[in-house]
C-alpha cells in the first residue's frame, strides 16, 4: 500500500502534490514542537505564572495556534489551486473537456430553464 502511494506521488503529474504534502507534513510535525519549547523556555523563562496561568499552558496554546495556522494555509492553498477542467475549452452542447456532460450548477441553462422538452 505504501509503495503504491509513494510511486503514485512520484509520477510527473503528481509531483507538485507530493511536494506540497511533504512540506505541510514536515511543518505539522516540527513547527508546533519548536514553538512549544521556544515559548516555554525563552519567552516565559522568568514568569512561571502569567495572569495565574502556568507557563506550560501558554506554550500549549501557542502550539495549537500554530497547528491551526498551518491547516488554514493548506486549505486556502487547496481552494486557490486551478482545477484541470477550468483551463480547457468547452465542447459541443455544454460538454466538458473530455465530452462529459456538465451537471448541476455547471450545466448551461437553456431557454426553458435547463428542463428537457420532448
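The C-beta contact set for segment 60-79 (first residue touching a residue at least 40 places away in the same chain (Cβ under 8 Å), second residue assigned to a helix (DSSP H, G or I) and surrounded by 11 or more Cβ atoms within 10 Å (Cβ to Cβ), distance under 6 angstrom, 6+ apart or interchain) comprises 70/27; 70/28; 74/24.
Being part of a helix (DSSP H, G or I), at pLDDT below 70 and within 27 Å of residue 24 (Cβ to Cβ) is the filter here, so list the residues in segment 54-110 that pass it. Once the filter is applied, which keeps residues that are part of a helix (DSSP H, G or I), at pLDDT below 70 and within 27 Å of residue 24 (Cβ to Cβ), segment 54-110 yields 84, 85, 86.
The values are calculated or read from the model by the stated rules, or taken from the named source; none is laboratory data. Since the structure is predicted, the reported quantities are computational estimates derived from the model, not experimental observations. We place every Cβ from the backbone using ideal geometry, glycine too, and count neighbours over all the protein chains shown.
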